[in-house]
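What follows is a set of notes on a single structure, which appears directly below.
Here, each number is a calculation from the coordinates, and none is a lab measurement. From a predicted model like this one, the values you see are computed outputs, not experimental measurements. Backbone-built Cβ (ideal geometry, glycine too); neighbour counts: all protein chains shown.
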Amino acid sequence: MLGLMFVTFVIGRVMPIDPVLAIVGEQATKATYDAAYEQLGLDKPIIVQFALYVWDVIHGDFGKSLLTARPVAEDIKRVFPATLELATIGVFAGIVLGVPLGVVAAVKRGSWIDQIARVVALVGYSMPIFWLGLMGLLIFYGILGWVGGPGRVGIFYVDIVPSVTGMILVDSILDRNWTVFKDALSHIVLPASLLGYYSLAYISRMTRSFMLEQLSAEYITTARVKGMSESAVIWRHAFKNIRVQLITVIALSYANLLEGSVLTEIIFSWPGIGSYITTALLSADMSAVMGGTVVVGLIFILLNIFSDLLYKVFDPRAK
Amino acid sequence: MVEDRTWRAWLLTDTPSSRRHAKLAAAYKGWLSFRANSMAMVGLWILIFLVLIAFAAPLLAPHDPFAQNLANRLQPLGSINHILGTDSLGRDILSRLIFGSQITLYIVGLVALIAPITGLLVGTIAGYAGGWADQILMRITDIFLAFPRLVLALAFVAALGAGIENAVLAISLTAWPPYARIARAETLTIRSSDYISAIRLQGAGAFRIITKHIWPLCISSLIVRVTLDMAGIILAAAGLGFLGLGAQPPSPEWGAMISEGRRFILDHWWVATMPGMAIFTVSLAFNLLGDGLRDVLDPKDNEK
């Protein structure tokens, strides 16, 4: 964790933009410049600066964003639920479709379902996500008009429901405002299925290979010889044994979705953390970039720890 | 034909007459089993085709990729003179795609050199030295692994400034840790084997052991991994280009071309579609090739 913050800190420091100049402007006198310089703590040794930064972050202070003139922590709190909403729906779709697809592909190896699973995965691994998103927008929004366009809700519905969780689907349900709910749903369908497709590709592929490994084990043969029904063999024996590995894969793909959301959010003008970081980057908003990167990295680490913990719960051997 | 058959027989012999003979025979058998995998061959042919296009770009391209012609902008597919149409500045899309293949190959080639070599160095040194050197090097690797790759690459590009070279550097910086892990794992298993002890008894130093006896054994697993990662590298580079952080306009980089075409997507869909197809084809080819290579070079887990 400390290392993660150190890397972001170094990145922030080597950025070829003078943070002081960005605050005081070109026309400032030397005295103003020096004052701002000191105020930012840039006159202290670099170790001290790093320690101060860590201290601030631990206390939830990521500094102030130059672009929005608000504390970065507040900004992140505002944009993060949007990403969370999108990624959660995406990974959920990936699990619901991907796990059964992977299992069936493994059981019926070489069948047409296996071929479909293979193509789905290959395309998922090879397709640029931003391009697929653009094509989706073009076809389903531009030509067919089935779904909402970019953004979270149509322009008439912005800020109508009170923000409780920040996730607009949940908020509109809490408010019982079904018009907004429907509109938000039509907007999230496309980006969420896009992310869902990518986690589907990954999850189904991994499920398939885990299942194949189990199905070739000797205890499966034993179970079959005992006369156990095929579905019991598959679900009660083989599937039970891949649960642990699956959890790790799902946690990983969830983390990947948070990352994949950077490009997706740009395409769909989705006001989440990915587009927040990118906009901040393009406008050289250093503390916002650092804050965003630290938060995403933190989630990454937390997800890893979480999957390790679940591992221990489900696999008695790991204790 | 007679010549051919004897060569085949010489290559397929069960009793090689020399070390080089044995090596060549093994390589030929590998090639035969690789050739039997038709999907992998498709991948290989696409990539050979890409390399040819990249080298012959000035000959093949019907137009200058940078020549603007505002009177002729946003021509649709299949126009006379412009088979794939023109973009918002009237530049020929086909020619830009052809020249873009050079940039793609350049990026992929550089990353595929920098990242595995860095990983190999770090991994073998950590694995061979052990102790605190191992601890420190692996902690650093873990830190880099803790970041989501694209976000880290974004942050690096922001720090270094946008441009192809910096994009290559940023992608390499995010790509090396898995190679270091693989190389370390291999080194750890090799290090304690008998033949390493034997060479050490003969008086070989650490440098010689690492370069002559450990590296050659790490290479094959690294190559497989690199080929499988190529698609990811292409997608990352295109993503950076798309965000405006990779290759800068007017360079005909495919990701940047998509980003340009994005503005007209609803009315002039082909401007963004064509470079996307190009990216997809190339990364698909790398995936197919990687799968095939894994089956040949890594017989232990050919079922994945």
Q. Along each of its three principal axes, how wide is the spread of alpha-carbon positions in segment B:193-268, in whole angstrom units, largest first?
A. 73, 20, 14
(Q) Tell me the relative contact order for chain B as a rounded percent, counting alpha carbon contacts under 8 Å between residues six or more apart. (A) 22 percent
Q: Fewest Cβ neighbours within 10 Å first, please rank B:213, B:21, B:82 accordingly.
A: B:21, B:213, B:82
Q: Take the Cα of residue A:240, step 7 Å along the line toward its Cβ, and report every residue of segment A:200-219 whose backbone nitrogen sits under 16 Å from that point.
A: A:214-215, A:217-219
**Q.** For residues of B:225-235, the mean tally of beta carbons on other chains within 10 Å
**A.** 2
Q: Would you compute the Debye intensity of segment A:219-319 from its alpha-carbon atoms alone, equal scatterers and no solvent, and pass along log10 I(q)/I(0) at q = 0.14, 0.18, 0.25 Å⁻¹ to two decimals?
A: -0.69, -0.87, -1.19
Q. Label points 7 Å out from Cα along the Cβ direction at residue A:228 and residue B:26: separation in nm?
A. 4.1 nm
Q) Using θ = phi - 60° and the Karplus curve 6.51 cos²θ - 1.76 cosθ + 1.60, what whole-Hz ³J(HN,Hα) does each residue of segment A:181-196 get, with Gly and Pro shown as x? A) 4, 5, 5, 4, 4, 5, 7, 8, 3, 5, x, 5, 5, 4, 5, x
Q) What's the average, rounded to a whole number, of partner chain beta-carbon atoms within 10 Å of each residue's beta-carbon in A:261-271? A) 2
Q: Fewest Cβ neighbours within 10 Å first, please rank B:35, B:139 accordingly.
A: B:139, B:35
**Q.** Inverse of mean 1/r across different Cα pairs in segment B:4-122, Kirkwood, Å
**A.** 18.3 Å
Q: List every residue whose amide H lies under 5 Å from the amide H of residue B:247, counting only residues 5 or more places away in sequence or on a different chain, with H placed 1.01 Å from N in the peptide plane.
A: B:241
Q | Residue-by-residue Karplus 3J(HN,Hα) for segment B:249-266, coefficients 6.51, -1.76, 1.60, Hz, glycine and proline x | A | x, x, 4, x, 6, 5, x, 5, 5, 5, 4, 5, x, 4, 5, 10, 4, 6
**Q.** Two-decimal ratio, segment B:75-187, of alpha-carbon radius of gyration to 2.2 N^0.38 Å
**A.** 1.51
**Q.** 10 Å Cβ neighbours from other chains, averaged over peptide A:272-278
**A.** 2
**Q.** Within chain B, helix-based [θ] at 222 nm, where runs of 4 or more DSSP H residues each add -39,500 (n - 2.57), nearest 500
**A.** -24000 deg cm²/dmol
Q) Which translational diffusion coefficient, to the nearest whole µm²/s, is obtained for chain B from the Stokes-Einstein equation, given a Kirkwood hydrodynamic radius over C-alpha pairs, 25 °C and 0.890 mPa s? A) 112 µm²/s
Q) Mind listing the phi-derived Karplus ³J(HN,Hα) values for segment B:231-248, rounded to whole Hz, using 6.51, -1.76 and 1.60 with θ = phi - 60°, and x for any glycine or proline? A) 4, x, 5, 4, 5, 5, 4, 5, x, 4, x, 4, 6, x, 10, x, 4, 9
Q) Of B:112, B:25, B:144, which is farthest on the positive side of the dipole of segment B:21-169, counting Cα position, with +1 on Lys and Arg Cβ, -1 on Asp and Glu Cβ, and the Cα centre as origin? A) B:25
Q) Thinking of segment B:134-250 as a set of Cα atoms, what percent of all their pairs are more than 22 Å apart? A) 48 percent
